[in-house]
1. Could you please tell me which pairs satisfy a Cβ distance under 6 Å, a separation of 6+ or placement on different chains, a first residue in region 48-67 that is on the phi > 0 side of the Ramachandran plot and surrounded by fewer than 12 Cβ atoms within 10 Å (Cβ to Cβ), and a second residue that is modelled with pLDDT of 95 or more and basic (K, R)?
2. Answer with yes or no whether G19 is exposed (fewer than 10 other Cβ atoms within 10 Å of the Cβ) and either at pLDDT below 90 or part of a loop (DSSP other than H, G, I, E, B) (or both).
3. What is the residue count in region 22-70 for residues that are modelled with pLDDT of 90 or more and not in a loop (DSSP other than H, G, I, E, B)?
Amino acid sequence: MQTPAAFSVLNHPSLDNSGRGSAATAQSNPSAALVESADLLKGSKTVGILHNGSLYRLQATKLGKLILTK
(Lines give C-alpha, C1' and ligand atoms only; values in the text may rest on other atoms or scores of the structure.)
Protein backbone atom coordinates (compact mmCIF):
# COMPACT_ATOMS: atom_id res chain seq x y z
CA MET A 1 0.00 0.00 0.00
CA GLN A 2 1.30 3.40 -0.94
CA THR A 3 1.64 6.00 1.81
CA PRO A 4 -1.10 8.59 1.23
CA ALA A 5 -0.09 12.19 0.71
CA ALA A 6 -1.48 14.73 3.15
CA PHE A 7 -4.50 16.68 1.99
CA SER A 8 -6.30 19.69 3.34
CA VAL A 9 -9.27 18.88 5.54
CA LEU A 10 -10.91 22.07 4.26
CA ASN A 11 -11.14 20.43 0.83
CA HIS A 12 -12.61 17.19 2.14
CA PRO A 13 -15.82 16.01 0.38
CA SER A 14 -17.59 15.60 3.72
CA LEU A 15 -17.54 19.38 4.09
CA ASP A 16 -19.54 19.84 0.89
CA ASN A 17 -22.69 20.73 2.93
CA SER A 18 -24.93 19.78 -0.02
CA GLY A 19 -25.59 16.38 1.54
CA ARG A 20 -24.13 14.65 -1.51
CA GLY A 21 -20.43 14.67 -0.53
CA SER A 22 -18.80 15.67 -3.81
CA ALA A 23 -15.92 13.25 -4.41
CA ALA A 24 -15.08 15.27 -7.52
CA THR A 25 -13.74 18.02 -5.23
CA ALA A 26 -11.03 15.75 -3.86
CA GLN A 27 -10.32 14.17 -7.25
CA SER A 28 -9.76 17.56 -8.90
CA ASN A 29 -6.88 18.22 -6.48
CA PRO A 30 -3.96 16.01 -7.61
CA SER A 31 -2.19 16.39 -4.25
CA ALA A 32 -5.18 14.94 -2.38
CA ALA A 33 -4.88 11.22 -1.68
CA LEU A 34 -8.03 9.11 -1.66
CA VAL A 35 -8.13 6.18 0.76
CA GLU A 36 -11.07 3.79 1.05
CA SER A 37 -12.32 3.51 4.64
CA ALA A 38 -12.34 -0.28 4.22
CA ASP A 39 -8.58 -0.14 3.60
CA LEU A 40 -8.11 1.71 6.90
CA LEU A 41 -10.52 -0.38 8.96
CA LYS A 42 -9.56 -3.78 7.43
CA GLY A 43 -12.77 -5.49 8.58
CA SER A 44 -12.73 -3.92 12.04
CA LYS A 45 -15.18 -1.32 13.36
CA THR A 46 -12.39 0.76 14.95
CA VAL A 47 -8.80 1.69 14.10
CA GLY A 48 -6.26 3.71 16.06
CA ILE A 49 -4.43 6.55 14.31
CA LEU A 50 -1.29 8.19 15.71
CA HIS A 51 -1.10 11.86 14.71
CA ASN A 52 1.51 14.28 16.09
CA GLY A 53 2.06 12.07 19.13
CA SER A 54 -1.66 11.79 19.97
CA LEU A 55 -3.81 8.70 19.57
CA TYR A 56 -7.09 9.12 17.68
CA ARG A 57 -9.82 6.54 17.11
CA LEU A 58 -11.64 6.20 13.79
CA GLN A 59 -14.90 4.30 14.25
CA ALA A 60 -17.51 3.13 11.74
CA THR A 61 -21.10 3.42 12.98
CA LYS A 62 -24.00 1.05 12.28
CA LEU A 63 -25.39 3.66 9.84
CA GLY A 64 -22.17 3.71 7.82
CA LYS A 65 -20.86 7.02 9.14
CA LEU A 66 -17.33 7.62 10.43
CA ILE A 67 -16.44 9.18 13.78
CA LEU A 68 -12.95 10.43 14.63
CA THR A 69 -12.28 11.02 18.33
CA LYS A 70 -9.18 11.94 20.32
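1. Every condition considered, no pair remains.
2. Numbers: exposed (fewer than 10 other Cβ atoms within 10 Å of the Cβ): yes; either at pLDDT below 90 or part of a loop (DSSP other than H, G, I, E, B) (or both): yes.
In short, yes.
3. Number of matching residues: 22.
The values are calculated or read from the model by the stated rules, or taken from the named source; none is laboratory data. Quick caveat: nothing in here was measured; it's all calculated off a predicted structure. Neighbour counts run over all protein chains shown; Cβ positions are idealised from the backbone, glycine included.
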